[in-house]
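The block underneath contains the structure these notes are about, expressed in structure tokens.
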Amino acid sequence: MRFEKEIDSLNTFIANLNGSIANRNNVFNGWSDNERIIGSSNTSRFDNLQIRENLLLRGNTIFRKKFKKKGRSLGLSASYFSSASNSDFYQKSDIVFYKIKGTVDSSQTINQSIASKSSKQQLNANAMYTEPLSKKIFWTTFYNFQNSNETIDRNVFDIKQNEPVNNDSLTRNFDNKILINRLGSYLRYAYKGVNVSVGVAYQLFNIKSDFKAGPSANIFGNVNRSYNSLLPNFNVSLDLKGKYLDFGYSADAKEPSLRNLQPIIDNSNPLYINIGNPNLIPEINHEINVGFNSFNPATFINFGLYSGFTISENQFVTSQIVDNNFITTSKTINLSGGQFLYSGINFGFPIIKNKFTINMNYSPGYGKSQAIVNDIKNITNTIRNRISLRVNLTPKEQFSCYLNSSLSMNDTKYNINTSQNQRIIEQSYSLELNAKLFWGIYSNNSFKYSINQNNRFNFYQEIPILNMSLSKLFLKENRGEIRISIYDVFNKTLGINQFANVNSVSSNINQSLARYAMLSFTYNIKGIKATTKSSNNWWN
């Protein structure tokens, strides 16, 4: 639901309300094999089921006020979020440990049920006031407030002889409260295409958490921490008659999560044990960015350059101890030195104005991340390169054609175990055809051909996806649309996820909803506008 009221020419009020109810059943089946070239190893099989119910409610209001004095304005907003969740999780797993390959050392079986209830309420409020100090200089101050309350009851039971038995050591009950206050101000100079702003914000973060395990475990305690950060901001923007230059610096604070702060050992996965760290402090990210854009309205040629560099202070990283049985004990710590560099160049030009255009993009990047593994600092360097091309052909209102291609390469190198170095290559080629046919029927068709490669795993996968649909507008003022669609005509959909991080490499293939047909009806009180033009940006 949405309500908008223009009280008068100076005051506007907007309110939104939405909610949802969801019921989900998820099945997780898997197998893992961890091996050393020489020495111990383990295998694990799991078969899990989760039944989950969610209730969500969200609302917000916005009030905007302009004053008779030019440039003076006031904005107020508030929002409320509430959620409740009930879930039942059933996990079964068999783990076998080997001293040497083929010789069993020990085994472990887990058969548990977990009943969880959680609720969360969050209130946000924001205020911003702008005052013109002169025709060129404006002063803005703002205030942000957030109050969150969350409770979690997670009761774990071991299934023994088909009967549930309380597992107090894994049972957890939390009562969490988070309070954030942020006050800031900045000055902005604006005159003849020159915009300069300088400001600073002060952020105060308070967290209170009470936790306990089951009665017999005798595990309980609390976290009561406060963090404050001073965050400067600087930006210069120049409008040079069709050419735009931006340069800026900003600092951002990221608070540790409750899960990482609470000093509790979570061994629900016996191969990967998490330990909380109440000594964490906020992560600070410093970012410098610069950008240049140019557009010629006579020739329709556009050109852009952009780049940014982020360095992290007290970054959240993992410290892990891996024992001889491949059991990993992990804890989040603060460590400075993480870096990320991104950049790109865009170039577009018309062959025929408004009918045949070409756009190109090249975006290289570099990332440096860190982790501690068995008390040794492991540095991961990743070089990313992506190039894309889009051709737009829209000769008539009744027909449009879009061709897209992209190539991405990620090279990841480790300073300790260089045998894990790898290159991930992803290629994508797509064609989209849209047309207005007879009797006002619209045809929308798209074909995408993807190739995913990873030589580290000898992985190569091709995926062709064809989607087709026909639609027709009807009713007064085109308020109704009926559409028949066929998704994944060739029945080839797969979910593929490849990544490399500070101490692991992964290549996953997931089965997902593939070929299906859908008959749909849409009604819009304002009317529906049919078009053959694509809504996608050219760089997607």
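The values are calculated or read from the model by the stated rules, or taken from the named source; none is laboratory data. Bear in mind the structure is a predicted one, so any value in this text is a computation, not a measurement. Cβ coordinates were reconstructed from backbone atoms using ideal geometry, including for glycine residues, and neighbour counts include every protein chain displayed.
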Is one or more of the residues making up the range 393-415 in contact with a helix residue (DSSP H, G or I) (Cβ under 6 Å, 6 or more places away or on another chain) and in a strand (DSSP E or B)? yes
Is it the case, given these coordinates, that D153 is among the charged types (D, E, K, R) and in a strand (DSSP E or B)? yes
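Give me a count of the residues in the range 472-490 that are over 15 Å from E432 (Cβ atoms) and part of a strand (DSSP E or B).
Within the range 472-490, residues that are over 15 Å from E432 (Cβ atoms) and part of a strand (DSSP E or B) number 9.
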Tell me which residues, restricted to the range 437-458, are more than 17 Å from L403 (Cα to Cα) and buried (at least 16 other Cβ atoms within 10 Å of the Cβ). Y442, N452, Q453, N454, R456
Confirm whether N410 is at pLDDT below 95, of a type outside the set (S, T, Y) and more than 20 Å from Y342 (Cβ to Cβ). no
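I'd like to know if the range 357-370 contains one or more residues that are farther than 26 Å from S408 by Cβ and out of contact with any helix residue (DSSP H, G or I) (no Cβ under 7 Å at 6 or more places or on another chain). Spell out how you get there, then give the answer.
Initially, the range 357-370 is screened for residues farther than 26 Å from S408 by Cβ, giving none.
Checked against the condition, which is being farther than 26 Å from S408 by Cβ and out of contact with any helix residue (DSSP H, G or I) (no Cβ under 7 Å at 6 or more places or on another chain), the range 357-370 yields no hits at all.
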Filter pass, L231 being surrounded by 14 or more Cβ atoms within 10 Å (Cβ to Cβ), in the same structural domain as S148 (by TED's automatic domain parsing), part of a strand (DSSP E or B) and at pLDDT 90 or above: yes
Within the range 7-30, how many residues turn out to be among the polar types (S, T, N, Q) and either at positive phi or not in a strand (DSSP E or B) (or both)? 1
Among residues of the range 50-72, those that are modelled with pLDDT under 90 and aliphatic (A, V, I, L, M), counted: 0
Do we have I372 as surrounded by fewer than 17 Cβ atoms within 10 Å (Cβ to Cβ) and either over 21 Å from the mean Cα position of the chain (by Cα) or among the basic types (K, R) (or both) here? no
Name the one entry in N302, N293 that is farther than 16 Å from I372 by Cβ and touching a Lys or Arg at 6+ places or on another chain (Cβ under 9 Å). N293
Residue check, D246 against (1) in a loop (DSSP other than H, G, I, E, B); (2) surrounded by fewer than 17 Cβ atoms within 10 Å (Cβ to Cβ), all met but one. Which one? (1)
Which of the residues belonging to the range 523-540 are surrounded by 13 or more Cβ atoms within 10 Å (Cβ to Cβ) and either among the charged types (D, E, K, R) or at pLDDT below 70 (or both)? A530, T532, S534, N536, W538, W539
Considering every residue within the range 77-90, establish whether at least one is among the small types (G, A, S), more than 28 Å from D158 (Cα to Cα) and modelled with pLDDT under 85. no
Hey, among S209, S169, which residue is modelled with pLDDT under 95, closer than 30 Å to N277 by Cβ and part of a loop (DSSP other than H, G, I, E, B)? S169
Within the range 1-52, the residues that are within 27 Å of the chain's Cα centre (by Cα) and surrounded by 14 or more Cβ atoms within 10 Å (Cβ to Cβ) are A15, N16, N48, L49, Q50, R52
Are any of the residues in the range 355-377 under 28 Å from I387 (Cβ atoms), charged (D, E, K, R), assigned to a strand (DSSP E or B) and free of Cβ contacts under 8 Å to residues at least 40 places away in the same chain? yes
Looking at K99, K69 in this structure, which one is surrounded by 14 or more Cβ atoms within 10 Å (Cβ to Cβ) and over 35 Å from the mean Cα position of the chain (by Cα)? K99
For the range 254-304, how many residues meet the condition of being within 25 Å of the chain's Cα centre (by Cα) and under 30 Å from L238 (Cα atoms)? 8
